[in-house]
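The values are calculated or read from the model by the stated rules, or taken from the named source; none is laboratory data. This one's a predicted model, so the numbers in the text were calculated from it and none came from an experiment. Here the Cβ positions follow ideal geometry from the backbone for every residue, glycine too, while neighbour counts run over all protein chains shown.
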Amino acid sequence: MTRMSQPLITVDQLSKAYRLGAGQKVHDTLAGALRGVAMAPFRNLRRLRRLNTFAEKGAQHRSDDHTLWALNQVSFDVAEGEVVGIVGRNGAGKSTLLKVLSRITEPTSGRAVIRGRISSLLEVGTGFHPELTGRDNIYMNGTILGMTKREIDRKFDEIVEFSGVERFLDTPVKRYSSGMQVRLAFAVAAHLEPEILIIDEVLAVGDAKFQKKCMGKMQDVAQAGRTVLFVSHNMAAIESLCTTGLHIDGGQIVHRGSASSAVRDYLGVMLNQDGRIEHGDLQLRIRTEIENQSADAIWRHGRTLVVTVEVESPQPMNDPAIDVSFFAEDGRGLFAAQSDRLMRQPFTQRGRQFSAVFRFVNEGISAANLMMDVGIRTKQSVSYIACLRAVAAIAVGQVPDGHAWVHGYPLSPPCEVQLREGRAA
């Protein structure tokens with residue numbers, strides 16, 4: 001079988017276990033401490049044997065108090081020229097998978113076969129020496145990636161121009177900001193023409209202009225026929241750049257298909273779940289959905305995001321109000337709505353249950369992901385409940401310029417609210 005007919009990456013029953021640290025036993029006597037030191041190698045050997053026993057079993061691995069399976073029998077192939085987007089919540093196993101493929105860590109069981117030269121960008125400053133200058137690090141990092149000096153010389157000017165660090169090229173990298181480091185690291189990784197490019201969610205460190213350049217460069221890399229594995233929480237970028245998508249959860253692949261189908265599967269979990277929250281005596285149920293989301297689960301221009309908040313209180317609440325605020329992932333407030341500002345008449349609540357339905361229309365919002373806070377207010381008190389759930393993934397970019405600030409926020413999308421007694425329909 002020739003290489004051209006083989007997948008460039010073959011992952012077969014790949015598992016990675018981490019032994020969780022146990023609390024250190026404190027001995028009261030010197031004899032007990034010495035006995036503990038003497039027995040430590042035997043305890044570690046028993047744990048290692050247990051880990052090896054788990055690895056040899058064909059059944060699904062289960063995490064317990066001592067072992068965490070970050071990857072659990074993952075299998076897939078990546079063809080030459082395929083651009084694979086990997087999505088999943090934090091802690092799902094995405095970064096662990098990329099570290100195994102990049103040969104940074106060894107798997108506990110299974111195998112990953114790589115047929116080609118890999119360039120990885122997993123963390124800010126990966127492969128850089130802080131005491132060396134940017135110029136020296138370009139050559140060192142390129143050499144680590146398997147390039148010759150002649151290849152680096154040929155690409156050097158392009159790398160420097162793309163990174164935008166010309167003025168600081170002869171400054172030690174330890175003086176660079178995190179954004180400058182990631183710009184230089186991405187420029188090296190993307191320009192040295194690897195056969196396989198692996199990128200984790202490090203591009204979020206760069207500013208909006210550089211992120212746009214990165215996306216353009218990744219499109220060029222993909223169109224040139226090179227293979228890309230791309231982990232991101234930016235669903236719009238996954239859809240636009242990737243041909244295939246993997247949704248990973250709990251260390252396992254729960255969905256594989258087109259990039260759009262993987263995004264729908266992931267956001268279906270994030271968006272359409274009921275959020276039940278207890279806050280003191282209050283009981284809340286928060287639901288988020290995008291109207292007519294059969295095509296995809298991204299809050300695109302012109303579409304309506306519906307946020308439903310149901311509140312149950314042990315005591316009647318006097319003229320309650322609900323605040324819904326949205327933030328970018330870096331914590332910047334984007335827009336908000338307050339039910340009492342949107343209602344023409346005060347809402348006097350005599351019962352113990354009430355609900356609010358907010359309907360936001362996307363007109364020019366372009367943050368990559370949104371986080372949501374919910375606040376409950378009465379005339380007597382304010383009780384802000386931080387939900388911090390990813391409720392939508394929208395177009396790539398930052399907040400557009402030229403928007404007027406409204407109630408302390410730069411955006412003001414059209415919003416309607418219905419506030420009623422009892423549960424929402």
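Structure notes:
- Of all residues in segment 214-240, those satisfying the criterion of being under 12 Å from Val84 (Cβ atoms), among the aliphatic types (A, V, I, L, M) and within 16 Å of the chain's Cα centre (by Cα) are Leu229, Val231, Ile238.
- Qualifying residues in segment 165-197 (those that are crowded, with 18+ Cβ neighbours inside 10 Å and not aliphatic (A, V, I, L, M)) - the one modelled with the highest pLDDT: Phe168
- Test result for Ala321, modelled with pLDDT of 75 or more and over 22 Å from Leu97 (Cβ atoms): yes
- Of all the residues in segment 100-118, those that are free of Cβ contacts under 8 Å to residues at least 24 places away in the same chain and aliphatic (A, V, I, L, M) number 1.
- Scanning segment 218-256 for residues that are crowded, with 23+ Cβ neighbours inside 10 Å, assigned to a loop (DSSP other than H, G, I, E, B) and of a type outside the set (Ser, Thr, Tyr) returns Asn234, Cys242, Gly251.
- Residue tally, condition among the hydrophobic types (A, V, I, L, M, F, W, C) and part of a loop (DSSP other than H, G, I, E, B), over segment 132-167: 4
- Among the residues of segment 110-141, those that are crowded, with 20+ Cβ neighbours inside 10 Å and more than 27 Å from the chain's Cα centre (by Cα) comprise Gly134, Asn137, Ile138.
- Test: residue in segment 76-85 that is closer than 24 Å to Glu201 by Cβ, of a type in the set (Phe, Trp, Tyr) and modelled with pLDDT of 90 or more: yes
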